[in-house]
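The structure appears below as structure tokens.
The values are calculated or read from the model by the stated rules, or taken from the named source; none is laboratory data. Computed from a predicted structure; not experimentally measured. Neighbour counts are summed over all protein chains in view; Cβ atoms, including those assigned to glycine, are modelled from backbone coordinates with ideal geometry.
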Amino acid sequence: MPRLLGFILALISFSFGIGFSLGIIYLAQLNQWPRVPIWVLALLSGVVSMLITWRLLPAWWRPVLLILPLAALFSLSINSWWWLFAAILLLAFQWNAIFTRIPLYRSDAMVAEVLMAYMQRDGQKSLLDLGCGDGRLLWRMAKAQPESQFVGIESAPMLYLIARWRCRNQPNCRIEFGDFWPRSWADFDVVFAFLSPEPMLPVWRKRLRESGEGAVLVSLAFLVPGIEPSELLPAQQFDMYLYRADYHAVVGQIIADASKLAT
Ligand SMILES: C[S@@+](CC[C@H](N)C(=O)[O-])C[C@H]1O[C@@H](n2cnc3c(N)ncnc32)[C@H](O)[C@@H]1O
């Protein structure tokens, strides 16, 4: 279902839920029923709007619609300065997500283990983390592998500051602020990405342009569309896909040779 349509449906059912509760208030006044607490009415609105869209919207909308009226009611009792504070905090952490549509989601310890094992196996000495978040992944690897170099680029200001602080005592871990797209990634043996499906093809293209046959990319969770990974590195959280330009050269050669044999 298109996102906008889902949103409109949710809004309509939300309005029905509120209307239902207002109707009850009206009937209560008319018939002099005992007063129902406002939070019960808010909860009732949530239940009604959730039930209306039960089969129409994806399941994750149900808890959202259920608690929305209660949350709206609760928000009225909060000093409005808190909202401003919360908005500033959110922007400081993730303002870039408005443009990049890539929020922070951290890799776990297993990802670091698998990445390090891969680097050691293939003799890779440096790694660039595209969007390093709070730097925890890099810090873990830099601590465990002091002979290798780890660099992260992060465009969310607070996350950049946290990552810098975290890596302050780790000389083989460097954190840079800004957008990773205009920078060169050519100096790194491995480029690691945990982003979203959208940028994966441009990421691989840039990697190929800059590093040619030596290009290596490890992507956590997201495939490069239309490109076969040379290897799957299983991690607990998600699978990791290893892309190696030389693998494609080899596969291409095998296919070319096979087609020569066939003629
Ligand atoms: C899913 S998190 C991954 C964090 C970290 N790499 C990890 O694996 O734990 C993606 C991060 O990329 C950052 N990001 C997204 N687009 C970016 C860009 N163009 N330049 C720099 N950072 C970016 C986001 O702010 C977010 O912190």
Original post:
Across segment 97-139, what is the number of residues that are in contact with a strand residue (DSSP E or B) (Cβ under 7 Å, 6 or more places away or on another chain) and of a type in the set (Ser, Thr, Tyr)?
Top reply: 3
**OP:** Please go through segment 196-238 and pick out each residue that is within 18 Å of Phe150 (Cβ to Cβ), touching a Phe, Trp or Tyr at 6+ places or on another chain (Cβ under 9 Å) and within 12 Å of the ligand (Cβ to nearest atom).
**Re:** Val218, Ser219, Leu220
**OP:** Would you mention how many residues in segment 206-263 are at pLDDT 90 or above, in contact with a helix residue (DSSP H, G or I) (Cβ under 7 Å, 6 or more places away or on another chain), under 27 Å from Asp108 (Cβ atoms) and not hydrophobic (A, V, I, L, M, F, W, C)?
**Re:** 4
Original post:
Can Trp33 be described as hydrophobic (A, V, I, L, M, F, W, C) and outside any helix (DSSP H, G or I)?
Top reply: yes
**OP:** Could you list, in sequence order, all residues of segment 162-173 that are more than 12 Å from the ligand (Cβ to nearest atom) and under 22 Å from Val114 (Cβ atoms)?
**Re:** Cys167, Gln170, Asn172, Cys173
